[in-house]
Amino acid sequence: METIAFRMTLKSGMRDEYERRHREIWPELAGALREAGIGDYWIFLDESNGHLFATFKRDATHSTDALPSLPVMRKWWIYMAELMVTNPDNSPVTTPLAPVFHLP
């Protein structure tokens with residue numbers, strides 16, 4: 001299993017709605033993420049600046065590169081775009097984070 005970490009940015013005042021939408025994550029989206037080899041997905045919020053810190057684990061045979069082409073993923077991005085800083089295609093702007101320490 002490989003751990004992936006990245007940062008996104010939540011727009012001001014959108015925490016409650018962001019959390020609500022994730023509590024009600026669409027089953028077909030959750031299924032697509034799992035089918036792509038993703039598990040143990042966490043998102044944390046730094047309330048001081050709106051940065052979202054996300055981590056997930058993916059297996060060696062993952063297909064995460066195909067997720068952006070899935071209709072359910074693109075639909076989710078459109079649904080979430082008003083809450084987050086996004087790219088022109090509505091995908092969230094993400095900053096990959098490099099591992100610098102791990103305590104197994």
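Quick note: the coordinates plus some simple rules give every number you see, no bench work behind them. Since we're looking at a predicted model, the values are computed, not measured. Glycine also receives a Cβ, built like all others from the backbone with ideal geometry; neighbour counts cover every protein chain displayed.
Numerical summary
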quantity: Per residue, the convex hull volume that the Cα atoms of segment 2-96 enclose (Å³); calculated: 95
quantity: Simple label model, 7 Å out from Cα along Cβ direction - Phe6 to Trp42, nm; calculated: 1.9
quantity: Ranked list, fewest to most other Cβ atoms within 10 Å of each Cβ, for Ile78, Ile38; calculated: Ile78, Ile38
quantity: Mean residue ellipticity (222 nm) of the chain, computed from DSSP H runs ≥ 4 via -39,500 (n - 2.57), nearest 500; calculated: -7500 deg cm²/dmol
quantity: ³J(HN,Hα) computed for each position of segment 71-86 - Karplus, 6.51 cos²θ - 1.76 cosθ + 1.60, integer Hz, glycine/proline x; calculated: x, 5, 5, 5, 5, 5, 4, 4, 4, 8, 4, 5, 9, 10, 6, 10
quantity: Sites Val72 and Leu103, calculated FRET efficiency, Cβ-Cβ separation with R0 25 Å, nearest 0.05; calculated: 0.10
quantity: For segment 2-96, size of Cβ-based charge dipole, Lys and Arg +1, Asp and Glu -1, in debye; calculated: 80
quantity: Additional length obtainable on full extension of the chain from Glu82 to Thr64, 0.36 nm per residue less Cα span; calculated: 4.1 nm
quantity: Using θ = phi - 60° and Karplus 6.51 cos²θ - 1.76 cosθ + 1.60, couplings along segment 21-33 (whole Hz; Gly, Pro as x); calculated: 5, 6, 5, 9, 3, 5, x, 5, 6, 4, x, 5, 5
